[in-house]
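Okay, structure first, notes after.
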Amino acid sequence: QVQLVESGGGLVQAGGSLSLSCAASGGTFFGYTKAWFRQVPGQEREFVAGISWNGASTKYANSVKGRFTISRDNAKNTVVLQMNSLKPEDTAVYYCAAAQFVMSTVVQATKEDYGYWGQGTQVTVSS
């Protein structure tokens, strides 16, 4: 079964950086929009950043603009979220997701639009 697997989470001090990777296991998601969401216990899963199938379009939550960068390498079938200038409020479980809007130029920011999810990776930012 095709799955998404996140890695790269961990503990970092405020102001530091982390790079999260999302790799496909068992297949590819060619043509799919991919995104990162995050969730704090007791809260709704929220959109962080997304990227269109060919990387031409990106979208970021206002809270992370200028600090986070999403990129993808379709040849490696990976998506990376580079997180800089991390803040304690960035602490959450981060999930990568894929949406079957094949070759869409629109990056969806609603979790209901995404049908494939990774297991999540914990990011903890200490102050």
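The values are calculated or read from the model by the stated rules, or taken from the named source; none is laboratory data. The shown structure was predicted, so the numbers you read here are calculated from the model rather than taken from an experiment. The accessibility values were calculated without ligands, DNA or RNA, using every heavy atom of the protein model including side chains. Shrake-Rupley method; radii C 1.70, N 1.55, O 1.52, S 1.80 Å.
The fraction of accessible area contributed by carbon and sulfur in the chain is 48 percent, rounded to a whole number (1.4 Å probe; ligands and nucleic acids excluded). Averaged over its residues, the chain has an accessible area of 49 Å² per residue, based on protein heavy atoms and a 1.4 Å probe. When the chain is treated as a Gaussian network with alpha carbon springs shorter than 10 Å, the biggest mean-square fluctuation among 54, 84, 62 belongs to 62.
Extents of segment 32-127, largest first, come to 40, 25, 24 Å (Cα atoms, principal axes, whole angstrom). Using a probe of 1.4 Å on the protein chains alone, the accessible area found for residue 116 is around 80 Å².
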